[in-house]
Amino acid sequence: MKKQLEEILKNGLAQIEVAADLKQLDDVRLKFLGKTGELTTILRGMKDVPAEERREVGTLANSVREQIEAALSQKLADLENEKLRLDMEKEKVDITEPSTGTKRGALHPLTRFNNKFMELCVEMGFTVIQTPEIETDYYNFEALNVPKNHPSRDMQDSLYITDTILMRTHTSPAQVHAMETLKPPFKIVCPGRVYRNDDDSSHSPIFNQFEALVIDENVSLKDFMIMVREMAERLYGKDVKMRVRPAFFPFTEPSIEIDATCQMCHGKGCSLCKGTGFSEFFGGGIVNPKILEMSGIDSKKYSGFAFGPGIDRSVMITNKIPNIKYLFRNDMRFLKQMR
Ligand code: PHE
C-alpha cells in the first residue's frame, strides 16, 4: 500500500505539472481526489490495513493528499496568472500610435438660434412648454377665433390628416393649451415646428416659430412694447431700431406687426429689406378677451399679450443662407459651412 501511495504521489505531481489549462487541471484533481479518485479509494480502504501498519500508512496517505492539494493550488494560481498575462497582451493599446484626429460636430444653426432665444426667455421669467405638432381643428383654429371661412382653414393652405385633424399651422394652439391648464399669472414660451401647404425658395412646408404668452392682471400694450424692446436689444444690441405697424390676427386685439433693424444691412438698406432698413421681427398683440373666456380665464380680471416670431428667416439672414430648404436637408456640405 505504501508503494501504491508513492506511485499516486509521483503520477499526481507529474500530471499536475503538465496540465495545460484549467479544464485539464480539474480533470487531474477529480482523478486523484474526486469521490471515486485514486487517493480517495485508498483512504476509504484504510480499514482493511492491519492495525500495526495503519498509523504509518495513514500518515503517509495524508501527506500525499496534502502534497497533491498544494501542487494543485500552486498550479491553479500559475494558470490563472498566465491567462491574465495573455489577456492583457491581447488587449494592449499602443498609446504611441498617432491619432487620426477627431471630427468636431456642431449644433444646427436653427438649434443655436433656438437655444439663444430660449435662454433669453428663461432669463426674462418665461416657462418653456411644448405642445403637439398634430392638432385638432379646435386648438389650431376654433379656440383662436379663426373664422370658418378663413383661407388658412382651406386644404390649399393647411396640411390635413383627417377632416378635423391637421399639422399645426402655427404655434398659437400652445396659447390655448396654456390657458386651459395653467392658473394666471403665467408667462410661457413654446418653440416648435409648424406646417403649411407652401413650397418655394423662401417658403418650406415645415418651418419654425415661437409662441410667447403673458397673462396677468392689468397687462397692457405698453407692457408688451417694453418687453419686445428688451428682447430686441438683447438679441440685436442696444442700438436696434424698431417700428410698429397695425396688423390683424383673429386672436389678438389690437394686433401689431413689429419690424426691427434689418440684420443683413444693419439699417443701411438692402435688397432683403427693399431699401427700408427694417425687416419683420414678429407679429403679436393683446389677447382677444374672447379667447380668454373660451379657455376658461376671467377676462374682466386678467388680460395678456401674445406674440409669435418665425425663426427660420432670422437664421437665414444671420447665416446668409439663400434658400430655406437648406435648413431641412441635412446636407453635410451645407452643415459643415455652418459650424
Ligand atoms: N400665429 C401667428 C402667425 O403664425 C403669429 C401670432 C402669434 C400673432 C401670437 C399674434 C399672436 O402668423
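Could you tell me how many of the residues in segment 176-216 are in a loop (DSSP other than H, G, I, E, B) and within 19 Å of Asp157 (Cα to Cα)?
Pass one, segment 176-216, residues in a loop (DSSP other than H, G, I, E, B): 182-185, 196-199, 201-202, 204-205.
Still in the running and within 19 Å of Asp157 (Cα to Cα): 196-199, 201-202, 204-205.
Number satisfying all stated conditions: 8.
Name the residues in segment 162-192 that are among the basic types (Lys, Arg) and open to solvent by less than 40 Å² (accessible area, probe 1.4 Å), would you? Before you say what the answer is, go through the steps one by one.
Here is the first cut: in segment 162-192, the ones among the basic types (Lys, Arg) are 168, 183, 187.
Selection gives Arg168 alone.
So Arg234 ticks every box in (1) within 13 Å of the ligand (Cβ to nearest atom); (2) under 31 Å from the mean Cα position of the chain (by Cα); (3) not acidic (Asp, Glu) but one. Which box is left unticked?
(1)
Evaluate the following for Gly34: is it over 27 Å from Ala77 (Cβ atoms), open to solvent by less than 30 Å² (accessible area, probe 1.4 Å), assigned by TED's automatic domain parsing to the domain that holds Gln74 and not β-branched (Val, Ile, Thr)?
Details: over 27 Å from Ala77 (Cβ atoms): no; open to solvent by less than 30 Å² (accessible area, probe 1.4 Å): yes; assigned by TED's automatic domain parsing to the domain that holds Gln74: yes; not β-branched (Val, Ile, Thr): yes.
No: the conditions fail for Gly34.
Pick from Arg339, Arg329, Arg313: which is open to solvent by 80 Å² or more (accessible area, probe 1.4 Å), within 16 Å of the ligand (Cβ to nearest atom), modelled with pLDDT under 95 and not acidic (Asp, Glu)? Steps first, please.
Details: Arg339 fails: within 16 Å of the ligand (Cβ to nearest atom); Arg329 fails: within 16 Å of the ligand (Cβ to nearest atom).
It is Arg313.
Considering each residue of segment 141-154, count those that are open to solvent by 60 Å² or more (accessible area, probe 1.4 Å) and not in a loop (DSSP other than H, G, I, E, B), and give that number.
Total meeting the criteria: 2.
Given the conditions (1) within 16 Å of the ligand (Cβ to nearest atom); (2) within 23 Å of Ile297 (Cα to Cα), report the number of the one that Leu166 does not fulfil.
Every condition holds for Leu166 apart from (2).
All but one of (1) open to solvent by 50 Å² or more (accessible area, probe 1.4 Å); (2) closer than 30 Å to Pro322 by Cβ; (3) more than 16 Å from the ligand (Cβ to nearest atom) hold for Asp157, so report the exception by its number.
(3)
State all residues of segment 261-296 that are of a type in the set (A, V, I, L, M) and either within 16 Å of the ligand (Cβ to nearest atom) or loosely packed, with under 15 Cβ neighbours inside 10 Å (or both); if no residue qualifies, say none. Break it down stepwise before answering.
Applying the first criterion (of a type in the set (A, V, I, L, M)) to segment 261-296 yields 264, 272, 286-287, 291-292, 294.
Passing the criteria: Ile286, Val287, Ile291, Leu292, Met294.
Looking only at segment 114-135, which residues are open to solvent by 30 Å² or more (accessible area, probe 1.4 Å), touching a residue at least 24 places away in the same chain (Cβ under 8 Å) and within 22 Å of Ile321 (Cβ to Cβ)?
Asn114, Lys116
Check off (1) under 52 Å from the mean Cα position of the chain (by Cα); (2) exposed (fewer than 12 other Cβ atoms within 10 Å of the Cβ) for Glu52 and give me the number that stays unchecked.
(1)
Check Leu9, Leu43 and return the single one that is more than 15 Å from Ala70 (Cα to Cα), open to solvent by less than 90 Å² (accessible area, probe 1.4 Å) and part of a helix (DSSP H, G or I).
Numbers: Leu9 fails: more than 15 Å from Ala70 (Cα to Cα).
Exactly one of Leu9, Leu43 is more than 15 Å from Ala70 (Cα to Cα), open to solvent by less than 90 Å² (accessible area, probe 1.4 Å) and part of a helix (DSSP H, G or I), namely Leu43.
Taking the options Asp223, Asp239, name whichever one is within 23 Å of Asn288 (Cβ to Cβ), acidic (Asp, Glu) and more than 14 Å from the ligand (Cβ to nearest atom).
Details: Asp239 fails: within 23 Å of Asn288 (Cβ to Cβ).
After ruling out the rest, the residue left standing is Asp223.
Applying the selection to segment 187-204, what residues are within 16 Å of the ligand (Cβ to nearest atom), out of contact with any strand residue (DSSP E or B) (no Cβ under 6 Å at 6 or more places or on another chain) and of a type outside the set (S, T, N, Q)? Give the derivation first.
To start, the set of residues in segment 187-204 that are within 16 Å of the ligand (Cβ to nearest atom) comprises 187-198, 202-204.
This time we only want the ones that are out of contact with any strand residue (DSSP E or B) (no Cβ under 6 Å at 6 or more places or on another chain), so: 192, 196-198, 202-204.
Those that are within 16 Å of the ligand (Cβ to nearest atom), out of contact with any strand residue (DSSP E or B) (no Cβ under 6 Å at 6 or more places or on another chain) and of a type outside the set (S, T, N, Q): Gly192, Arg196, Asp198, His203.
Check every one of the helices (runs of 4 or more DSSP H) wholly within segment 217-326 and list those with 3 or more residues that are touching a strand residue (DSSP E or B) at 6+ places or on another chain (Cβ under 7 Å). I'd like the intermediate steps shown before the answer.
Values: elements: 221-236, 289-294, 312-319.
Helices (runs of 4 or more DSSP H) meeting the threshold: 221-236.
The values are calculated or read from the model by the stated rules, or taken from the named source; none is laboratory data. These numbers come from a predicted model, not from an experiment. Glycine gets a Cβ as well: all are built from the backbone with ideal geometry, and neighbour counts include every protein chain shown. The protein model used for the area step is the full one, side chains on, heavy atoms only, and it has no ligands, DNA or RNA in it. Shrake-Rupley method; radii C 1.70, N 1.55, O 1.52, S 1.80 Å.
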